[in-house]
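The values are calculated or read from the model by the stated rules, or taken from the named source; none is laboratory data. Here the structure is a predicted model, which is why all the values come from computation and not from measurement. Neighbour counts run over all protein chains shown; Cβ positions are idealised from the backbone, glycine included.
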């Protein structure tokens, strides 16, 4: 039993309520509980990028990396300028040791945001690729 309190799906059928409650749960590191709210809400509104973004975050937190990759890839395809989805996709690919696939997403997120964390992700993955023998640092640019 978890110590987190949340509204079960039956108490609120409105996707906006599920979104707000799931966000709170994810901030509290309760991704499984968040998924119990998000999945029914997404069935109601399958095109909701905001609900699907939270679901991807929950998948990432629960190390369901294949599911997170699938969700984030779709979100990036639908909105290539979504910096959060692009960076998260890069991180998911990195955690699966798919460094060559991760690097373009991390680079774009870093360029679009100018965020130091995004830039650190690029350097980390470039180093991993170089260490793996898949290319030199200069070849990765």
- Message: Of the conditions (1) touching a helix residue (DSSP H, G or I) at 6+ places or on another chain (Cβ under 8 Å); (2) assigned to a helix (DSSP H, G or I), residue 81 satisfies every one except a single condition; which number is it?
- Response: (2)
- Message: I'd like to check something: does the range 29-39 contain any residue that is outside the structural domain of residue 107 (by TED's automatic domain parsing) and closer than 26 Å to residue 120 by Cα?
- Response: yes
- Note on the structure: Sole miss for residue 72 among (1) farther than 20 Å from residue 118 by Cβ; (2) surrounded by 15 or more Cβ atoms within 10 Å (Cβ to Cβ); (3) at pLDDT 95 or above is condition (1)
- Message: Contact list please: Cβ distance under 8 Å, first residue in the range 90-111 and in a loop (DSSP other than H, G, I, E, B), second residue crowded, with 20+ Cβ neighbours inside 10 Å, pairs at least six apart or on different chains.
- Response: 96/69
- Query: Can you find a residue in the range 13-29 that is part of a loop (DSSP other than H, G, I, E, B) and at pLDDT below 95?
  - Reply: yes
